[in-house]
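The values are calculated or read from the model by the stated rules, or taken from the named source; none is laboratory data. What you see is a predicted model; the values in this text were computed from it and never measured. As a convention, Cβ positions derive from the backbone with ideal geometry for all residues, glycine included, and neighbour counts pool all protein chains shown. Surface accessibility is based on the protein's heavy atoms, side chains included, excluding ligands, DNA and RNA. Shrake-Rupley method; radii C 1.70, N 1.55, O 1.52, S 1.80 Å.
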Amino acid sequence: MTTLRRRSLLAALTLTLAAAAGCAPSTDDGASSSPSTGTDPQHSLTIGLTYVPNVQFAPFYLAEQQGYFDEAGVDVTLRHHGESEDLFGALAEGTEQVVVAGGDEIMVARDAGVPVRSIATLYESYPVALIVPADSDVATPADLAGRTVGVPGPFGETWYGLLAMLEQAGLTEDDVQIEHIGFTQQSALAEGHVDAVMGYQNNDVPQFAATGLDVRAVPLGEVPLVGIGLGTTDELTQTEPEALRAVIGAVGRALADIAADPRAGVDAAIEAIPGTVDAEQEAIMTATMESTVPLYGTTGPGWGVHRGPWQEMSTFLDSVGLTSSPVPPQEAYTDAFAEDQ
């Protein structure tokens, strides 16, 4: 099982690595020794936000709308990925310079040869949870023994979270029935095809509740995983240090705004999302935003510094075969651009 998982991951990243081998570095004026503080941007970066517009990306929308990126001296384009697009493909190709991704996803990709590293932690708490019907007798992960759990597939944070949760609960994959259900967690749970699903406590739970599906989130426990952050390439940490520092500073300002008033994040998302947001959608966005703010942890000075269990995560990912060997944490992240915010 371990070897199959690793082969699957390497196959999925083949195109990304091929693109990375042929991409050229950015030639923006990133060698400046002092940060840009005027309103005329000195650098241009594209930030990949993955998939469809969502209130979870509110800090980036707000930073753009309030001119925080411009004031920091960086011209930012926000780009949402296509549904079937590889998470790190555009970064490797040079189409994006920064991508929003989990620390665990970054570490796994780095082991597979993608020269990516985290430059800031956005979520200090891991966002994945086990989601069960409100009347389920599953109260802890250990109660999953002999039950069926749905997960989109053997990839990404829901998969890593499942494996870490099982280990923490003293279970193995053989102790539960795992169903790969794609992104149909809501219907699979509502129709009783599975006893539980893996999802995001800040996003999926409000979505499910809005449809009348009464659910609750079961915490995974103290899993050795690091959640969402900002990733970039090794090369860009050398060629665009001031631009990366500017992005972190601008996003940090927006985070502080949203932590003080989550409504600011909702309003920013409503402005950024195409079409009309109706009252029901707005209510879901509000619930998601209020559930997301606690995940940020530290805001203000020092936000983004990597405080999570990176060493423990390296050991865990190797132990379950998601990496070929333990990835040194100092290769998977840097605090060079966050520690002085």
Take residues that are in contact with a Lys or Arg (Cβ under 6 Å, 6 or more places away or on another chain) and tell me which of the helices (runs of 4 or more DSSP H) falling wholly in segment 236-341 contain 1 or more.
329-332
Among residues belonging to segment 206-217 that are of a type outside the set (S, T, N, Q), out of contact with any Ser or Thr (no Cβ under 7 Å at 6 or more places or on another chain) and not in a strand (DSSP E or B), point out the one that is surrounded by the most Cβ atoms within 10 Å (Cβ to Cβ).
208
Report, ordered by the first and then the second residue, all pairs with beta carbons closer than 6 Å, sequence separation of six or more or different chains, a first member in segment 262-280 that is at negative phi, and a second member that is open to solvent by 80 Å² or more (accessible area, probe 1.4 Å) and modelled with pLDDT of 95 or more.
262/290
Exactly one of 103, 73 is open to solvent by less than 10 Å² (accessible area, probe 1.4 Å), over 30 Å from residue 166 (Cα atoms) and of a type outside the set (Lys, Arg), and that residue is 73
For segment 227-245, check the following and say yes or no: at least one residue is polar (S, T, N, Q), open to solvent by 40 Å² or more (accessible area, probe 1.4 Å) and either under 30 Å from residue 97 (Cβ atoms) or within 19 Å of the chain's Cα centre (by Cα) (or both).
yes
Unique match (being under 20 Å from the mean Cα position of the chain (by Cα) and crowded, with 24+ Cβ neighbours inside 10 Å) among 221, 199
199
Return the pairs, sorted by first residue and then second, in which the second residue is open to solvent by less than 20 Å² (accessible area, probe 1.4 Å) and not in a strand (DSSP E or B), the first residue lies in segment 44-62 and is farther than 17 Å from residue 94 by Cβ and aromatic (Phe, Trp, Tyr), the beta carbons are less than 7 Å apart, and the residues are 6+ apart or on different chains.
51/81; 57/49; 60/49; 60/251; 61/268; 61/269
Exactly one of 258, 273 is touching a helix residue (DSSP H, G or I) at 6+ places or on another chain (Cβ under 6 Å), crowded, with 17+ Cβ neighbours inside 10 Å and closer than 18 Å to residue 61 by Cα, and that residue is 258
Take residue 169 and tell me if it is over 25 Å from residue 312 (Cβ atoms), touching a residue at least 40 places away in the same chain (Cβ under 8 Å) and among the hydrophobic types (A, V, I, L, M, F, W, C).
no
Quick one: count up the residues across segment 325-341 that are buried (at least 16 other Cβ atoms within 10 Å of the Cβ) and hydroxyl-bearing (Ser, Thr, Tyr).
2
Looking at 93, 64, 71, 83, can you tell me which residue is within 24 Å of residue 297 (Cα to Cα) and charged (D, E, K, R)?
64
List every residue pair whose Cβ atoms sit under 6 Å apart, with the two residues 6 or more apart in sequence or on different chains, where the first one lies in segment 146-161 and is of a type in the set (Asp, Glu) and the second, anywhere, is open to solvent by less than 10 Å² (accessible area, probe 1.4 Å).
157/102; 157/128
Of the residues 31, 21, 11, which single one is at pLDDT below 95, aliphatic (A, V, I, L, M) and not in a helix (DSSP H, G or I)?
31
Kindly check whether there is at least one residue in segment 184-196 that is more than 30 Å from residue 301 (Cβ to Cβ), surrounded by fewer than 21 Cβ atoms within 10 Å (Cβ to Cβ), without any contact (Cβ under 8 Å) to a residue 24 or more places away in the chain and hydrophobic (A, V, I, L, M, F, W, C).
yes
Suppose we filter 298, 292 for residues that are surrounded by fewer than 23 Cβ atoms within 10 Å (Cβ to Cβ) and either touching a strand residue (DSSP E or B) at 6+ places or on another chain (Cβ under 6 Å) or closer than 21 Å to residue 222 by Cα (or both); which single one remains?
298
Selection from segment 65-96 of residues part of a helix (DSSP H, G or I) and under 22 Å from residue 255 (Cα atoms) yields 65, 68, 69, 70, 71, 72
Would you check if residue 331 is closer than 29 Å to residue 209 by Cβ, of a type outside the set (Gly, Ala, Ser) and in contact with a helix residue (DSSP H, G or I) (Cβ under 8 Å, 6 or more places away or on another chain)?
no
Based on what the data block shows, is residue 119 more than 17 Å from the chain's Cα centre (by Cα), aliphatic (A, V, I, L, M), modelled with pLDDT of 95 or more and over 13 Å from residue 87 (Cβ atoms)?
no
